[in-house]
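Have a look at the structure below, then the notes.
The values are calculated or read from the model by the stated rules, or taken from the named source; none is laboratory data. Remember, predicted model here, so these are calculated numbers, not experimental data. Note that we place each Cβ from the backbone using ideal geometry, even for glycine, and neighbour counts take in every protein chain shown.
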Amino acid sequence: QVQLVESGGDLVQPGGSLKLSCTASIEIEKFDVWGWYRQAPGQSRRLIATVNKFGSTNFADSVLGRFHISRDNAKNTVYLQMNDLKRQDTGRYYCNTYPPDGTYWGQGTKVTVSS
């Protein structure tokens with residue numbers, strides 16, 4: 001059974017930064033692409049960032065230039081550095097492979113951007 005454990009979420013003021021971590025119970029290097037997904041209140045879960053095995057990244061327009069995704073295969077961990085946070089970044093953040101495996105979803109970590 002695969003377990004993904006997200007952490008690092010918090011309450012932060014607009015303009016602030018957070019770094020999220022996702023630690024997997026499997027060897028993440030076995031999967032070419034990992035992603036971070038966000039579920040905003042009242043909305044469906046959406047892909048916001050991916051990183052492939054070569055370290056190449058892609059971002060949704062809403063976070064481009066503010067978020068950075070990385071992976072550490074040795075630690076089986078995927079990271080999401082979030083800078084210049086905005087109120088619309090509020091939500092629960094999850095990691096998963098891309099495309100996502102429906103059986104892998106963890107509990108996510110909650111990010112609230114508010115003054």
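Annotations
- Criterion: modelled with pLDDT under 95 and β-branched (Val, Ile, Thr) - qualifying residue of Thr103, Thr77: Thr103
- Residue count for segment 89-115 satisfying the condition of being farther than 18 Å from Asp32 by Cα, crowded, with 20+ Cβ neighbours inside 10 Å and not small (Gly, Ala, Ser): 5.
- Just so you know, in segment 1-55 the residues that are among the acidic types (Asp, Glu) and surrounded by fewer than 16 Cβ atoms within 10 Å (Cβ to Cβ) include one that is farthest from Phe67 (Cα to Cα), and it is Glu27.
- Within segment 56-88, tally of residues that are part of a strand (DSSP E or B), surrounded by 14 or more Cβ atoms within 10 Å (Cβ to Cβ) and without any contact (Cβ under 8 Å) to a residue 40 or more places away in the chain: 7
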